2 protein chains.
Amino acid sequence: MLYQHGTLGTLMAGLLEGTATIDEILEHGDLGIGTLTGSDGEVIILDGKAYHANEHGEFKVLSGKEYTPFATVTPFQVDTHFDVRNITDDEALLDKIQHDALSNNIFIAVKITGKFETMHVRMMPKQEKPYTKLIESAKRQPEYVREQVHGTVVGFYSPQLFHGIAAGGFHLHFVDEDRTFGGHVLDFEMNSGSVELSNIETLEQHFPVNNQAFLDTDIDYSTIDEDIKEAE
Amino acid sequence: MLYQHGTLGTLMAGLLEGTATIDEILEHGDLGIGTLTGSDGEVIILDGKAYHANEHGEFKVLSGKEYTPFATVTPFQVDTHFDVRNITDDEALLDKIQHDALSNNIFIAVKITGKFETMHVRMMPKQEKPYTKLIESAKRQPEYVREQVHGTVVGFYSPQLFHGIAAGGFHLHFVDEDRTFGGHVLDFEMNSGSVELSNIETLEQHFPVNNQAFLDTDIDYSTIDEDIKEAE
């Protein structure tokens, strides 16, 4: 089961107010990704703990009381796994994951643990009210690179039909072993480690039905494909 | 909660093999819509009973053992309701429903009960293997009109972001009071009756993970918008 609160589409449209607490998200799984109110940075959920990397390169454990407008989480259980023994870049590794996965037509949870030659991430800059479309803040997102870093990549593969609700294809976040660094994965080079995949049978899509802005906003989804491409 | 087995997208692509029984669908709700293996006709679920209207105008109660590739169901509970006192066509009524509904950004279950001056439906013709894209069989779908008929329209409003997973906007089926006639609603003129709406907080999207054709097929969704428009 994959639990998602909010959608990428409403986030892209600038509905950035947090509508569920991180504790509420953690009730539905122990591995996942998300962001905070204002689309503030990157949330990484691993082994039932939620971490946060902000645009300034600061990293912390979340208390659980923070609010999120968009988060995706699963009770991770391994269905497929393989080892990575040679240096490989993200493109080759994600190709292999897609090839080894049960199907390209279901959601797949991804956990990649090991040593990375390089890890290239970004953190979405926090918006203050009044919120605008996410591509506006995405334009000024800082990028960070770490070399020779141990850690874990977590996230999801989403089938193309669900592009807009989630990001079609892979959407991955990183957290290092020391829990001092993380972010939204742009690319990486992996040295060695392991890949674990979890097949998702059911998507539980939750809507923020108590948020007046969400209920009332007339959302234009006509440019969502290009917007996501630009922001991701 | 709205439970959906399969997606409109995979149905449009010609993945028409039934992958859940009607009894399994009925475990998740008492009001809904769907089709049977081969995209055979129209399933109408009302008050926990499942009915079937085929292309020949035949109508029957389902046993529950039949298989469906695509069905959507909810445990219906009324959140909003209003009476219809004057003759009104489907366009005006659906406009009013959309206006009165809690939001255009969530799924809404719809139940319209009363007397209809006219009810214009179609039934999707059953395909035999090898299955082709749904627009092929949709081209030869028969249409039926009944006048002065009592009955109930059931179905869902889906937010535009979910077009492709479901039909964006309204997707409605009809069953008459005598349980002898029904189908996929094309248009109608209502005389008098009542409208009941149920706000959906969570979509539980279930994938047919045990169906090899679904797992293996490389689906091209590039024409899905036009395909749905043509088939609906």
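Determine if the range A:129-146 includes at least one residue that is under 26 Å from A:Leu2 (Cα atoms), open to solvent by 50 Å² or more (accessible area, probe 1.4 Å) and not in a loop (DSSP other than H, G, I, E, B).
no
Quick one: in the range B:180-213, which of the residues that are within 13 Å of chain A (Cβ to nearest Cβ), in contact with a Phe, Trp or Tyr (Cβ under 8 Å, 6 or more places away or on another chain) and open to solvent by less than 10 Å² (accessible area, probe 1.4 Å) is farthest from B:Thr132 (Cα to Cα)?
B:Ser198
If the requirement is being more than 30 Å from A:Thr19 (Cβ to Cβ) and open to solvent by less than 20 Å² (accessible area, probe 1.4 Å), which of these qualifies: B:Ala231, B:Ala167?
From the options B:Ala231, B:Ala167, the qualifying one is B:Ala231.
Out of the range B:30-41, which residues are under 18 Å from B:Ser63 (Cβ atoms) and not hydrophobic (A, V, I, L, M, F, W, C)?
Across the range B:30-41, the qualifying residues are B:Asp30, B:Gly32, B:Gly34, B:Thr35, B:Thr37, B:Gly38, B:Asp40, B:Gly41.
The conditions are (1) closer than 25 Å to A:Gln77 by Cβ; (2) not in a loop (DSSP other than H, G, I, E, B), and A:Arg179 fails exactly one of them. Which is it?
Condition not satisfied by A:Arg179: (2).
Restricting to the range B:8-49, name every residue that is hydrophobic (A, V, I, L, M, F, W, C) and touching a Gly at 6+ places or on another chain (Cβ under 7 Å).
B:Leu8, B:Leu16, B:Ile22, B:Ile25, B:Leu26, B:Ile33, B:Leu36, B:Val43, B:Ile44, B:Ile45
When the range B:76-133 is examined, which residues are found to be within 14 Å of another protein chain (Cβ to nearest Cβ) and among the small types (Gly, Ala, Ser)?
Of everything in the range B:76-133, those that are within 14 Å of another protein chain (Cβ to nearest Cβ) and among the small types (Gly, Ala, Ser) turn out to be B:Ala101, B:Ser103, B:Ala109.
I need every pair where a residue in the range B:190-211 that is in contact (Cβ under 8 Å) with a residue 60 or more places away in the chain has its Cβ under 8 Å from the Cβ of a residue that is of a type in the set (Phe, Trp, Tyr) and surrounded by fewer than 18 Cβ atoms within 10 Å (Cβ to Cβ), sequence separation at least 6 or different chains.
Going by the 8 Å Cβ cut-off, the qualifying pairs are B:Ser194/B:Phe82; B:Val195/B:Phe82.
Would you confirm whether or not the range A:152-161 contains a residue that is free of Cβ contacts under 8 Å to residues at least 60 places away in the same chain, open to solvent by less than 20 Å² (accessible area, probe 1.4 Å) and touching a strand residue (DSSP E or B) at 6+ places or on another chain (Cβ under 8 Å)?
Scanning the range A:152-161, I find at least one residue that is free of Cβ contacts under 8 Å to residues at least 60 places away in the same chain, open to solvent by less than 20 Å² (accessible area, probe 1.4 Å) and touching a strand residue (DSSP E or B) at 6+ places or on another chain (Cβ under 8 Å), so the answer is yes.
For the range B:76-102, which residues satisfy the criterion of being open to solvent by 20 Å² or more (accessible area, probe 1.4 Å) and either in a helix (DSSP H, G or I) or among the hydroxyl-bearing types (Ser, Thr, Tyr) (or both)?
B:Thr80, B:Thr88, B:Asp90, B:Glu91, B:Ala92, B:Leu94, B:Asp95, B:Lys96, B:Gln98, B:His99, B:Asp100
In the range B:106-113, is there at least one residue being in contact with a helix residue (DSSP H, G or I) (Cβ under 6 Å, 6 or more places away or on another chain) and of a type outside the set (D, E, K, R)?
Scanning the range B:106-113 turns up no residue that is in contact with a helix residue (DSSP H, G or I) (Cβ under 6 Å, 6 or more places away or on another chain) and of a type outside the set (D, E, K, R).
Is it true that some residue in the range B:124-144 is of a type in the set (Val, Ile, Thr) and more than 28 Å from B:Ser39 (Cα to Cα)? Show your work before the answer.
Start the filter on the range B:124-144 by keeping residues that are of a type in the set (Val, Ile, Thr), which leaves B:132, B:135.
Filter again for more than 28 Å from B:Ser39 (Cα to Cα), leaving none.
Checked the range B:124-144: no residue is of a type in the set (Val, Ile, Thr) and more than 28 Å from B:Ser39 (Cα to Cα).
Which residues, counting only those in the range B:214-223, are surrounded by fewer than 20 Cβ atoms within 10 Å (Cβ to Cβ) and in contact with a Leu (Cβ under 9 Å, 6 or more places away or on another chain)?
Across the range B:214-223, the qualifying residues are B:Leu215, B:Thr217, B:Ile219, B:Tyr221.
The values are calculated or read from the model by the stated rules, or taken from the named source; none is laboratory data. Everything numeric in this text was worked out from a predicted model, so none of it was measured. Every residue, glycine as well, gets a Cβ built from its backbone with ideal geometry; the counts of neighbours run over all protein chains shown. Please note that ligands, DNA and RNA were not included when accessible areas were found on the heavy atoms of the full protein model with its side chains. Shrake-Rupley method; radii C 1.70, N 1.55, O 1.52, S 1.80 Å.
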